[in-house]
Amino acid sequence: MKKHILVTTLAGLVLVFAFSCQDISSHRKKTQGTDPALEKKVSALVSRMTLEEKVGQMTQITLDKFYKETLDTALLHEYIVKYGLGSVLNSHHDKSGMTVALSMQEWRALQTRIQKYARETRLKIPVLYGIDAIHGVTYLKGATLFPQNIALAAARDPSVVHAAAKITAKEVRACGIRWNFDPVVGVGRQPLWSRFEETFGEDPYLVGELGEAVIRGYEEDGLDKPTAVASCMKHYLGYPVPLTGKDRTPAYIPEIVLRQIFLPPYKKAVEAGASTVMINSGSINGIPVHASRYLITDVLKEELGFTGLVVTDWQDIIYLRDQHHVAKDNKEAVMMAVNAGIDMSMVPYDLSFYHDLIALVREGKVPMSRIDDAVTRILRVKYRLGLFDNPFPEKGTEDYYEKPGYKEVALQAAREAVTLLKNDTLQGNPVLPLSNKMRLLVAGPGANSRAMLNGSWSYSWQGKDESLYPAEVPTIRQALEEKFGKNKVINIAPDGFQNVSPQQVSMLRKYAPQADAIILCLGENSYAESPGSIDDLTLPEDQLLLAEAAAKTGKPVILILTEGRPRIINRIVPSMNGILLAYRPGNMGAPALAEVLEGEVNPSGRLPYTYPRYTGNLMTYDMPVRAAQYYRPQWPFGFGLSYTTFRVTSLKADKDTLQSGDTLLVTAVVKNSGPRDGAVALDLFVRDMTATVAPPMRKLRKFTRLALKSGETKKVTFALTDEDWTFIDPSLKPRIEAGKMRVLLGNKEVEFFLKK
Ligand code: GLC
C-alpha cells in the first residue's frame with residue numbers, strides 16, 4: 001500500500017509526495033525473521049548453547065554495576081566471561097548519583113573492552129549494548145539534541161523526524177553502540193504524566209506515522225550498516241495513561257480502547273520493522289504488563305507477528321514482587337515474566353534473574369522451548385546488527401559525530417515545531433513579529449536555561465544539570481542578543497531555572513519602562529520519569545505572579561513556554577499579548593525562537609494535544625460526541641496561528657457515495673491570503689456520523705505540510721480508504737459500517753455515504 005498525498009500548484013506543477021511501503025514491507029520481512037539463511041545460523045548456534053549460556057544472553061546489566069570510583073574491569077570480565085552476560089546498558093553514576101555522559105572516545109574504548117571479553121567466551125557471542133537516545137544520545141558529551149517528540153509532533157513533518165533519527169543513529173553508532181531504546185510510541189492522553197514530552201501527543205495516527213518515521217530512520221539502511229541502530233518501540237503498552245497521572249501507577253484501559261487507541265502505533269511500528277520492544281513498567285486493569293502473557297505473547301508476538309526481542313524496563317521483574325505484589329518472591333516473578341514472553345531482563349544490578357531462571361528451567365517451571373524462543377530472538381538481532389562479523393566500533397564511524405549539518409536539522413525541526421498560540425493586535429498591528437529596533441526586557445526562569453529547552457534524557461537522566469550542556473548551546477536570552485543586538489536586550493532573568501523571587505518581580509517593574517516589550521520565559525524545569533510527577537497541572541504560582549506583574553507594566557508581553565506538558569495558564573492568557581509554545585525545542589530551540597520572534601521564520605506548529613483550560617477538564621479532541629459539549633480547551637488539538645492567513649477555499653470529494661473497498665479522493669485548495677510566505681500543517685479528519693460504538697467527534701486520518709508564498713494557492717489531494725473509517729467493535733474486531741461520513745479540513749467539510 002503506497003501512501004500518496006498529491007500536491008499541485010495552480011501552475012499545474014505536480015509534486016507527488018509518496019514514499020512506498022515496499023521498502024518497509026521488504027524490510028519487515030527481513031526484520032520479522034523470515035530470512036531463512038539468518039534463521040539457520042541462529043538455530044545452529046542455539047543448539048550448541050548450554051542452559052547457562054542461554055540464560056546469560058537473556059540477562060542485561062547496567063554499566064553502573066561495574067563502576068565504583070572507576071570501572072571494575074574484573075567484575076565486568078567475570079559477568080561476561082563466567083556468566084555469559086548478553087547485554088549491558090546505560091552509563092554509570094558519578095559520586096553525586098548522577099548518570100554521567102561519556103565522550104565518544106570513552107564509549108568506543110568501553111565497547112572495545114566489552115567485546116574483547118565476549119571473545120573470551122566459549123561461543124564468542126558478542127554483547128548487545130543499549131542506550132537511551134530519545135532526542136539525541138543522552139549519555140554522549142556534545143551529542144546533537146533535537147526537539148523532544150512532543151515538539152516534533154507539532155511540526156507534522158515526518159521528513160524532519162526521519163532526518164533527526166538518522167543523525168541520532170549515526171551518533172549512537174559512533175559510540176560503538178548499536179541499540180537505541182527509542183521511539184516512544186505511547187499515545188500521550190494524560191497531560192499530568194511526567195513523560196508526556198516523550199510522546200508524539202494524543203492522537204494514535206500521528207503517533208504511528210511519526211514513530212514509523214523514526215524506526216525507518218534508525219533501521220532502513222540495514223542493521224549491519226554503520227549508519228543504523230536497532231530501534232526499540234516503547235513502552236508496550238498503555239504506559240502514558242496512569243489513572244492518577246503519576247508515573248508508573250496503574251492504568252485502567254478497556255480492551256476496546258486499548259485496541260482503538262493504544263495498539264495501532266505498535267502495529268505500525270512492527271510493520272515498519274521495529275527490531276525490539278520495551279515493556280511498560282505499569283499495569284493495565286490490575287495486571288502488570290510484564291506478567292501479561294496475553295499482551296506480550298498472544299497480542300504482540302502472535303497477533304501482530306513481532307519476532308524481535310522483548311526487553312523489560314528497569315528492574316521490572318523484581319518490581320513484580322516489590323511494587324506490584326503479584327509475585328511472592330523473585331523466582332516467581334522471573335517465572336511469570338519469562339512465561340509471559342519476556343526475552344531479556346533489565347535486571348539491572350545483580351544475577352538474581354540469571355540464577356532463578358536456571359533453577360526454574362531445571363524445575364520444569366519454565367520450558368526450554370520458551371528459553372530457546374527468547375535466545376533466538378536475541379541472537380537474531382545480534383546477527384542482523386553485524387555483531388558476529390565485527391562487534392567493535394567500526395572504523396570511520398567516529399567521523400559521524402557532531403558533523404556540520406546536524407545542528408541545521410535540529411534548528412529546522414525546532415523552527416517547524418514552535419506554535420503560535422496568541423498574537424494580539426496592538427495599535428492596528430499584530431504584536432508579533434517584533435521589530436528588530438525594539439528594546440526587549442527578558443525575564444523568567446526559562447530565559448537562561450538549557451535544561452528547560454531540552455527536558456529529560458539530556459546529557460543526564462533528569463536533564464537538569466546545566467553544567468553538562470555545551471556552552472555553545474544558546475539560551476533564549478543569548479539567542480535574542482544575537483538576533484536583536486546585545487544592547488537591545490535587558491536581561492533580568494536568573495542563570496538556569498530558579499523559582500521566581502520577589503526581587504525578580506521588582507526588577508521587572510524597575511526595568512520595564514526602559515523596554516519596548518517584555519519577553520517572559522516560563523514553563524517547567526527539566527525532569528524525567530517519576531521525579532516529574534506533579535499534583536497540580538497549573539503553572540506554579542510564582543510564575544503566574546511574574547506574568548501578572550509584567551502585564552501590569554503596560555508593556556506588550558510575549559510569553560514563551562518551554563514545558564514538557566501543557567501547564568494550565570488560564571489566569572494569565574488574557575493579559576499576554578503574544579504566546580509562543582516551544583515545548584522542549586532542543587539545543588537549537590533558542591535560535592529558532594529568536595527567528596520566529598523577529599519574523600525571519602513564520603511559525604507553523606500545530607498542537608499535537610489538547611491544551612487544557614482547567615485542571616478539571618482534561619479531555620482529548622476525539623472524545624465521543626456525547627462529551628463534545630464539554631470540550632472547552634484553552635486551545636484545541638491542531639491549533640496553531642501564523643503570521644499570515646491560510647484559507648481552505650474549497651474541499652471536494654470525488655464521490656458522494658463510496659463503495660467500501662474503493663478509494664475516496666478528497667481535494668482541498670489552500671490559499672495563503674496573507675502578507676507573508678509561510679508553511680501550513682493541514683490536519684484532515686474523518687467523522688463517522690453514526691456507528692455501533694459511539695463515534696468520536698472527529699479522528700485525524702491524514703496530515704501534511706504545505707509551503708505557500710503570499711498569494712499562492714495550492715491543491716492537495718488525499719486518498720482515503722476503508723482503513724480511515726474502520727473502528728473496533730464490541731467484539732474487539734475491526735469493523736466498517738455503511739452510513740453517512742464527513743471529511744473535515746480547516747473550516748470546510750464534505751459529506752459522503754459509505755456503502756457496504
Ligand atoms: C527507564 C525508562 C526507559 C529507559 C530505561 C533504560 O526506566 O523507563 O524508557 O529506556 O529505563 O534507561
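The values are calculated or read from the model by the stated rules, or taken from the named source; none is laboratory data. Quick caveat: nothing in here was measured; it's all calculated off a predicted structure. Note that each Cβ is placed from the backbone with ideal geometry, even for glycine, and that neighbours are counted across all protein chains shown. Accessible surface areas use protein heavy atoms only, side chains included; no ligands, DNA or RNA. Shrake-Rupley method; radii C 1.70, N 1.55, O 1.52, S 1.80 Å.
Can you give the accessible area per residue of region 128-174, in Å², using a 1.4 Å probe? Numbers along the way, then the final one.
Numbers: 560 Å² over 47 residues.
It amounts to 12 Å² per residue over region 128-174.
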In nm, to one decimal, how far is the modelled label at Lys116 from the one at Arg439, with both set 7 Å along Cα→Cβ?
6.3 nm
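When only Cα pairs under 8 Å and 6 or more residues apart are kept, what is the percent relative contact order across the chain?
So the answer I get is 14 percent.
For the chain, what is the percent of antiparallel DSSP beta bridges, rounded to the nearest 5?
Details: 62 of 105 bridges.
Of those bridges, close to 60 percent are antiparallel.
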Glu69, Glu402, ranked by accessible area, largest first (probe 1.4 Å)
Glu69, Glu402
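Let me make sure I get this right: for region 442-586, a, b and c are the square roots of the gyration tensor eigenvalues over alpha carbons, sorted descending. Under 1.5 in a/c it's rounded, otherwise prolate if a/b > b/c, else oblate. Which is it?
Working: a/c = 1.94, a/b = 1.26, b/c = 1.54.
Cα axes put region 442-586 in the oblate bin.
Quick check on packing: order 139-146, 287-294 by the mean number of other C-beta atoms within 10 Å, highest mean leading.
On the way: 139-146: 25.6, 287-294: 21.9.
Ranking the peptides 139-146, 287-294 by packing returns 139-146, 287-294.
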Relative contact order of region 130-276, defined on C-alpha pairs under 8 angstrom at six or more residues apart (%)
26 percent
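Restricting to DSSP H runs of at least four residues, report the calculated mean residue ellipticity at 222 nm for the chain, -39500 (n - 2.57) per run over all residues, nearest 500 deg cm²/dmol.
On the way: 20 runs with 204 residues, N = 756.
For the chain, the value works out to -8000 deg cm²/dmol.
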What whole-number distance in Å separates the alpha-carbon centres of region 655-715 and region 241-302?
30 Å
Rounded to whole Å, give me the distance from the Cα center of region 408-468 to that of region 155-198.
21 Å
Cα gyration tensor shape for region 354-490, rounded if a/c is under 1.5, else prolate or oblate:
prolate
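For a protection proxy built on the mean count of beta-carbon atoms within 10 angstrom, sort 56-68, 465-477, 228-240 highest first, please. Walk me through the numbers before you get to the answer.
On the way: 56-68: 21.7, 465-477: 18.3, 228-240: 27.5.
Result, highest mean first: 228-240, 56-68, 465-477.
At 1.4 Å probe size, with every protein chain present, just tell me what the per residue accessible area of region 646-755 comes to in Å².
Result: 43 Å² of accessible area for each residue.
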Taking 0.36 nm per residue of separation between Glu255 and Thr50 and subtracting their Cα-Cα distance, the length gained on full extension comes to 69.8 nm
The chain: Cα Rg divided by the 2.2 N^0.38 Å rule of thumb:
0.95
Exceeding 28 Å between C-alpha atoms, which entries from my cross-link table qualify? They are Lys166/Lys464; Lys422/Lys488; Lys246/Lys555; Lys68/Lys301.
Lys246/Lys555; Lys68/Lys301
Virtual spin-label span in nm between Asp677 and Asp516, 7 Å along Cα→Cβ:
2.4 nm
Modelling each spin label as a point 7 Å along the Cα-to-Cβ direction, I'd like the Lys740/His93 distance in nm, to one decimal.
6.2 nm
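Does region 591-747 come out rounded, prolate or oblate by the C-alpha gyration tensor, with a ≥ b ≥ c the root eigenvalues, rounded set by a/c under 1.5 and, if not, prolate when a/b is larger than b/c and oblate if not?
Oblate, because a/c is 1.5 or more while a/b does not exceed b/c.
Ranked highest first by the average count of other Cβ atoms within 10 Å around their residues, in what order do 43-52, 692-701 fall? Don't skip to the end; give the middle numbers.
Numbers: 43-52: 13.3, 692-701: 19.0.
Per-residue mean Cβ counts within 10 Å order the peptides as 692-701, 43-52.
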Counting only protein heavy atoms and using a 1.4 Å probe, what share of the accessible area of region 655-756 belongs to carbon plus sulfur, as a whole percent?
51 percent
Between 0 and 90 degrees, rounded to the nearest ten: what's the tilt of helix 589-598 against the longest Cα principal axis of the chain?
10 degrees
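Kindly sort Tyr511, Tyr527 by accessible area of their heavy atoms, largest first, with the probe set to 1.4 Å. Each step should come with its number before you reach the end.
Details: Tyr511 60, Tyr527 15 Å².
Result, largest first: Tyr511, Tyr527.
Keeping the other protein chains in place, figure out the carbon and sulfur percent of the accessible area of region 58-144, with a 1.4 Å probe. Mind dumping the intermediate values first?
Numbers: 1590 of 3070 Å².
The computed percentage sits at 52.
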Quick check for you: which residues of region 656-672 have the amide N under 14 Å from the point 7 Å beyond the Cα of Thr713 toward its beta carbon?
668-672
Distance between Cα centroids, region 490-554 to region 311-369: provide it in whole Å.
47 Å
